[in-house]
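A quick write-up on the structure given underneath.
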């Protein structure tokens, strides 16, 4: 079944409205649509959107749930770099402006370092490093995490991981 953007975001309010959205629920949905810049596509079907737009719809749906903490597993999967940057900027903005705690599973250490306050590195299901991007983005720490030589350099004030095969 096809579903429109606004309807999917409204599902984020389901725990509050149990299938009968109130005016307050619809107001929150409108705020979320506006916040993630989906007004122009709110009446379109999800399958008509680009991957980046779809990810913004899912973020809006999660925002509509109005929880303190947001958990996202690989939100950049199958997105090109432009859309990945857009999603990470949106998540950073969500933390800063809406005072939300956002926990994101990422495999790209440079995205993690650029947008995160804290990085927790897992290896074989175990936490092997936990700290600020400045603490984690060290040659020795990353070389240990990835089991290969890693060089960290500063690009435009941000630590950036470089690797050579």
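Kindly indicate which of 155, 59, 128, 150 is buried (at least 19 other Cβ atoms within 10 Å of the Cβ) and farther than 30 Å from residue 15 by Cα.
Exactly one of 155, 59, 128, 150 is buried (at least 19 other Cβ atoms within 10 Å of the Cβ) and farther than 30 Å from residue 15 by Cα, namely 150.
Consider residue 87 carefully, then state whether it is within 10 Å of the chain's Cα centre (by Cα) and touching a residue at least 12 places away in the same chain (Cβ under 8 Å).
Here the answer is yes, as residue 87 does meet what is asked.
Conditions first: (1) in a loop (DSSP other than H, G, I, E, B); (2) under 20 Å from residue 93 (Cβ atoms). Residue 33 passes all but one, so which condition is the exception?
Only one criterion is unmet by residue 33, namely (1).
Quick one: is residue 113 within 30 Å of residue 63 (Cα to Cα), assigned to a helix (DSSP H, G or I) and touching a residue at least 12 places away in the same chain (Cβ under 8 Å)?
For residue 113, the condition - within 30 Å of residue 63 (Cα to Cα), assigned to a helix (DSSP H, G or I) and touching a residue at least 12 places away in the same chain (Cβ under 8 Å) - is met.
Return yes when residue 74 is loosely packed, with under 13 Cβ neighbours inside 10 Å, over 30 Å from residue 26 (Cβ atoms), in contact with a strand residue (DSSP E or B) (Cβ under 7 Å, 6 or more places away or on another chain) and free of Cβ contacts under 8 Å to residues at least 60 places away in the same chain and no when it is not.
Here the answer is yes, as residue 74 does meet what is asked.
Just the residues that are out of contact with any helix residue (DSSP H, G or I) (no Cβ under 7 Å at 6 or more places or on another chain), more than 23 Å from residue 156 (Cα to Cα) and part of a loop (DSSP other than H, G, I, E, B), please, taken from segment 94-110.
Correct list: 99 only.
Is it the case that residue 33 is surrounded by fewer than 16 Cβ atoms within 10 Å (Cβ to Cβ), farther than 18 Å from residue 102 by Cβ and touching a helix residue (DSSP H, G or I) at 6+ places or on another chain (Cβ under 7 Å)?
For residue 33, the condition - surrounded by fewer than 16 Cβ atoms within 10 Å (Cβ to Cβ), farther than 18 Å from residue 102 by Cβ and touching a helix residue (DSSP H, G or I) at 6+ places or on another chain (Cβ under 7 Å) - is not met.
How many residues does segment 102-125 hold that are within 24 Å of residue 65 (Cα to Cα) and within 13 Å of the chain's Cα centre (by Cα)?
Total meeting the criteria: 7.
Which residue, of 40, 7, is at pLDDT 95 or above, within 22 Å of residue 80 (Cβ to Cβ) and assigned to a helix (DSSP H, G or I)?
40
Restricting attention to segment 116-130, which residues are over 23 Å from residue 84 (Cα atoms) and either touching a residue at least 12 places away in the same chain (Cβ under 8 Å) or assigned to a loop (DSSP other than H, G, I, E, B) (or both)?
123, 124, 125, 128, 129, 130
Determine whether residue 91 is modelled with pLDDT of 95 or more, part of a helix (DSSP H, G or I) and in contact with a strand residue (DSSP E or B) (Cβ under 7 Å, 6 or more places away or on another chain).
Yes, satisfied.
The values are calculated or read from the model by the stated rules, or taken from the named source; none is laboratory data. Quantities reported herein were computed from a predicted structural model and do not represent experimental measurements. For neighbour counting, all protein chains shown are included, and Cβ atoms are generated from backbone atoms with ideal geometry for every residue, glycine included.
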